[in-house]
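Read-outs throughout are calculated quantities, based only on the coordinates presented, and are distinct from any laboratory measurement. The shown structure was predicted, so the numbers you read here are calculated from the model rather than taken from an experiment. As a convention, Cβ positions derive from the backbone with ideal geometry for all residues, glycine included, and neighbour counts pool all protein chains shown.
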Amino acid sequence: MAATPAQDLAGRVALVTGGASGIGLGMAQAFLAAGMKVAIADINQAALAEAAAGPAHGALPVVLDVTQPASWQAALDKVEAQLGPVFLLCNNAGLGQGRRADGGPVLLEAMPEEVWRLVIDTNLHGTYLGIRAAVPRMLAAGQGGQVVNTASMAGLIAPAGLSAYAASKYAVVGLSESLRAELAPQGIGVSVLCPGAVSTNFYVTSAERRDAVMGASAAFAPGRTDSAARMDPRSVGEHVVRGVRANQLYIVTHPEYLPLVEARFAAIRRAFGPSAQPGYTDPDLVLSRSANPEYETAPLSAP
């Protein structure tokens, strides 16, 4: 069956990774307000306890390392035992690549391999592991469902100084587009969240995770609290609720980035010139297999 909008979320179970702070916490709050049963998963036990006792009161705290398959299975077992089968999976846990101690960006040619692997392992491989662990359970439950993968505007545009982060988020966008086409006939929708600047402690949590895995390094700037005026995570969460109800493919929270995205699309269009082999075109069978019907059917932005 084709995926349909999940108009009524009340009573459904949502699992949000990276749910102890930032966008994940904002989504958890919005899901709770929509009447959902919510589990917030995070690797930081202290932050989990604080969130569950405070802003996400009523949510089930679950310790989860998204990079470990066994941790996923244990987390899902706990959620199913206490709340029921997961209907909405939000793969939101992620981290940034950090900055140099002098405040400059970590350029790719000078990036330690450990940083590259940590960013890819968390942002991309963690998303894959979540899908591989949760989607078979969704299918077995036979209730449909929705997967929301958090990418970024850095999954649609690639500024200098964000090479590892953008690579991971571009991959999450591509993964989500393909996954949507795979799961639509089975009644499960897929959305990819692409936010811009949001008021979070992302820099701090990223630095903490990097230091925990690699050890503290004088080469990196310490995590800092993001004090600039940014979008409220709760507003992002409420927008995700609307996007899930509409089964949107892309959930975009910051429309002011459209000119930057259009500039990238225009650059791609300019690259389509004459064939490398004059007179040659790929066979219709190859083209038809390359098409993703979800590009044509994806709903407009929810109001």
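Okay, here's what the table says:
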item: Sequence ranges 168-174, 76-82, 189-195, ranked by mean other-Cβ count within 10 angstrom, highest first; result: 189-195, 168-174, 76-82
item: Principal axes of the chain: Cα extent on each, largest first, Å; result: 65, 53, 36
item: Helical contribution to [θ] at 222 nm, DSSP H n ≥ 4, -39,500 (n - 2.57), averaged over the chain, rounded to 500; result: -13500 deg cm²/dmol
item: Test item: Cα-centred dipole of the stretch 161-303, Lys/Arg +1 and Asp/Glu -1 on Cβ, debye; result: 260 debye
item: Against the rule of thumb 2.2 N^0.38 Å, how large the Cα Rg of the stretch 136-240 comes out; result: 1.31
item: Dipole axis of the chain (+1 Lys, Arg; -1 Asp, Glu on Cβ), positive-most option in 33, 229, 214; result: 33
item: Relative frequency of Cα-Cα separations exceeding 19 Å in the stretch 41-142, percent; result: 52 percent
item: Dipole of the stretch 1-138 [Lys/Arg +1, Asp/Glu -1 at C-beta], most positive-end residue of 123, 88, 63; result: 88
item: Order by protection proxy (mean Cβ within 10 Å, highest first), peptides 87-98, 250-261, 153-164; result: 87-98, 153-164, 250-261
item: With eigenvalues of the C-alpha gyration tensor scaled by 5 and rooted, the stretch 169-303, Å; result: 35, 22, 17
